[in-house]
Amino acid sequence: QVQFVESGGGLVQPGGSLRLSCAASKTILSISTMGWYRQAPGKQRELVAIARSGGRTNYADSVKGRFTISRDSAKNTVYLQMNSLKPEDTAVYYCNAVTPQGDYWGRGTQVTVSS
């Protein structure tokens, strides 16, 4: 059973930066899309950013210009560089991988932006 494990979350002050990573526990072929979602308390899970296999990326309007997604397809790893963090970015961040066998989700990593 393949698992995806996130790391890099934590507590940061407004305006600060964090870099999230998500890696698969073993090699998976044919991952078409890898991405990041987040869920704040009392809210639904929402898309943050996705990176498609051809290199195209998409971002939520709320993070455009502040967050950057990248992936290393050879390592089945996806990253999320988060700059200029705001308190409203506080959430549990989940990575996602889309394959012909179905979707895989990590367990999440907490990001808290607070002074």
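The values are calculated or read from the model by the stated rules, or taken from the named source; none is laboratory data. Being a predicted model, the structure only gives us computed values, none of them experimental. We place every Cβ from the backbone using ideal geometry, glycine too, and count neighbours over all the protein chains shown. These area figures cover heavy atoms from the full protein model, side chains too; ligands, DNA and RNA do not enter into them. Shrake-Rupley method; radii C 1.70, N 1.55, O 1.52, S 1.80 Å.
Is it the case that the stretch 54-72 has a residue that's of a type in the set (Asp, Glu), in contact with a Gly (Cβ under 8 Å, 6 or more places away or on another chain) and either free of Cβ contacts under 8 Å to residues at least 24 places away in the same chain or not in a loop (DSSP other than H, G, I, E, B) (or both)? Scanning the stretch 54-72, I find no residue that is of a type in the set (Asp, Glu), in contact with a Gly (Cβ under 8 Å, 6 or more places away or on another chain) and either free of Cβ contacts under 8 Å to residues at least 24 places away in the same chain or not in a loop (DSSP other than H, G, I, E, B) (or both), so the answer is no.
For every residue, the table says whether it meets (1) over 10 Å from the mean Cα position of the chain (by Cα); (2) without any contact (Cβ under 8 Å) to a residue 24 or more places away in the chain; (3) farther than 28 Å from SER115 by Cα; (4) not in a loop (DSSP other than H, G, I, E, B).
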site: VAL5; (1), (2), (3), (4): yes, no, no, yes
site: GLN44; (1), (2), (3), (4): yes, yes, no, no
site: ALA74; (1), (2), (3), (4): yes, yes, yes, yes
site: GLU88; (1), (2), (3), (4): yes, no, no, yes
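Return yes or no: is MET34 over 14 Å from THR109 (Cα atoms) and buried (at least 20 other Cβ atoms within 10 Å of the Cβ)? Considered against the rule, which asks whether it is over 14 Å from THR109 (Cα atoms) and buried (at least 20 other Cβ atoms within 10 Å of the Cβ), MET34 comes out as yes.
Condition check ((1) under 15 Å from TYR37 (Cβ atoms); (2) among the hydrophobic types (A, V, I, L, M, F, W, C); (3) open to solvent by 30 Å² or more (accessible area, probe 1.4 Å)) across all residues:
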residue	(1), (2), (3)
GLY54	no, no, yes
LYS64	no, no, yes
LYS75	no, no, yes
LEU85	no, yes, no
ASN96	yes, no, no
TYR104	yes, no, yes
GLN110	yes, no, yes
SER115	no, no, yes
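When each of TYR37, TYR104, TYR93 is tested for being under 24 Å from GLN3 (Cα atoms), in a strand (DSSP E or B) and over 11 Å from the mean Cα position of the chain (by Cα), the lone residue that passes is TYR104. A count restricted to the stretch 20-31 and to residues that are surrounded by 13 or more Cβ atoms within 10 Å (Cβ to Cβ) and either in a strand (DSSP E or B) or of a type in the set (Gly, Ala, Ser) (or both) stands at 5.
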